[in-house]
Amino acid sequence: MDLNQITVPSLDVEKAIDFYKTLGLKLIVKALPHYARFECSKGNSTFSIHLVAQLPKGNGISIYFEDDNLDDLVAKLQKKGVAFISLPQDKPWLWREAHLRDLDGNLIILYKAGENRKNPPWRIN
């Protein structure tokens, strides 16, 4: 199997489009007001947003986007006015992560893991 796409809920798809374009995703479907879909800059997976009347309760959704130049990406996004919950930090699980929220409160983790993403030292073979 291969991951095709992740879809997240939004109260305002049009505003969400601008946010995700700022992060660097390429808009490929714009079916306002109900749906939008993006290509990631690397790989084959896509990311989409769909209109909902109410957001899910609880912790919501966490979305991970990997970038080989994490610190540079975060600096560029800060210059564009993107606010971060936490700036890039090295984590005990051998990833470097920065955290922010999209306009609907979904947690976005921008990270760099490299080989450790799928092959950490503790991987089960």
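Would you list, by chain and number, the aspartates and glutamates whose Cα falls below 15 Å from the Cα of Lys42, excluding same-chain residues fewer than 8 positions away?
Within the straight-line limit of under 15 Å, Lys42 reaches these aspartates and glutamates: Asp2, Glu66, Asp67, Asp68.
Quick one: length gained pulling Asp12 to His50 fully straight, 0.36 nm per residue minus the C-alpha distance?
The span from Asp12 to His50 would gain 12.8 nm if fully extended.
Can you tell me how much longer the chain between Glu115 and Gln78 gets when fully stretched, taken as 0.36 nm per residue apart minus their C-alpha distance, in nm with one decimal?
Here the answer is 10.6 nm.
Using the alpha-carbon atoms, what tilt in degrees (0 to 90, nearest 10) does helix 70-79 show relative to the longest principal axis of the chain?
Helix 70-79 sits roughly 40 degrees off the main axis of the chain.
Suppose every K and R has +1 on its Cβ and every D and E has -1 on its Cβ; what is the size of the dipole of region 5-117 about the Cα centre, in Debye to the nearest 20?
160 debye
So for Glu39, Glu14, what's the accessible-area order with a 1.4 Å probe, most first?
I get Glu14, Glu39, largest accessible area first.
Can you spot the lysines whose alpha carbon is less than 23 Å from Lys15's alpha carbon? Ignore those fewer than 8 places along the same chain.
The qualifying lysines are Lys26, Lys30, Lys57, Lys76, Lys79, Lys80.
Taking only Cα atoms, what is the 0 to 90° angle, nearest 10, from helix 13-23's long axis to the longest principal axis of the chain?
30 degrees
Work out the FRET efficiency for Glu39 and Glu66 from their Cβ-Cβ distance, taking R0 = 22 Å, and round it to the nearest 0.05.
It comes out at approximately 0.90.
Longest segment of the chain with no trypsin sites (Lys or Arg not before Pro) in a DSSP loop having at most 13 other Cβ atoms within 10 Å?
It runs 1-41.
Once Kirkwood radius over Cα pairs in Å is worked out from the coordinates, which option in (i) 15.1; (ii) 15.5; (iii) 14.7 does it equal?
Working out Kirkwood radius over Cα pairs in Å from the coordinates points to (ii).
The values are calculated or read from the model by the stated rules, or taken from the named source; none is laboratory data. Just so it is clear, the structure is predicted and the values come from calculations on it, not from any experiment. Backbone-built Cβ (ideal geometry, glycine too); neighbour counts: all protein chains shown. Surface areas here come from the heavy atoms of the whole protein model, side chains and all, with no ligands, DNA or RNA. Shrake-Rupley method; radii C 1.70, N 1.55, O 1.52, S 1.80 Å.
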